[in-house]
1. Report the label-to-label distance for Thr67 and Ser16 in nanometres (one decimal), using points 7 Å from each Cα along the Cα→Cβ vector.
2. So, in nm, how far is label Lys7 from label Thr41 when the simple model puts each one 7 Å beyond its Cα toward the Cβ?
3. If each of Arg23 and Gln56 carries a label point 7 Å out from its Cα toward its Cβ, how far apart are those two points in nm?
4. For each of Ile6, Ile45, count neighbouring Cβ atoms within 10 Å of the residue's Cβ, then give the residues from fewest to most.
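Where a number appears in this text, it was derived from the coordinates with a stated rule and is not lab data. These numbers were taken from a predicted model, which means no experiment stands behind them. Here Cβ is always computed from backbone atoms with ideal geometry, including for glycine, and neighbour counts include all displayed protein chains.
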Amino acid sequence: MIDKTIKSRAVMFVKSEMERVVRDLESGIITRDQAIGSLNTLFNIASGIEDTMQMQMICRMISYIRTTSFYGQIKKMYANKMFHDQPAPSSAPVQVPAAEEIAVSSMKILEKIVR
């Protein structure tokens, strides 16, 4: 069990370090790989204190950094809570095509290739 005061201080530390990493990445002080490494370390800390919200936010930040090479707006995105908890998708049921439908569509594709 984690002490409440230790957990709150660790959360404050993780938040302040995320802001520092974002600021340094945007200004060019650190490289992309260094930022990802720092965020991985923060993820391990958040995992140790069992803070799932911070873990999710860090994962979103890491995936964003990995997919882009322009970091000019990352600090603004963090300030506007773009990486924070996002609402779940609608609860509409997802229809999965049956195996027969998949087989029929793949046969049509094969027929087009042969012709």
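1. Label-label distance for Thr67 and Ser16, simple model: 3.2 nm.
2. About 2.5 nm, to one decimal.
3. 2.7 nm
4. In order of increasing Cβ crowding within 10 Å: Ile6, Ile45.
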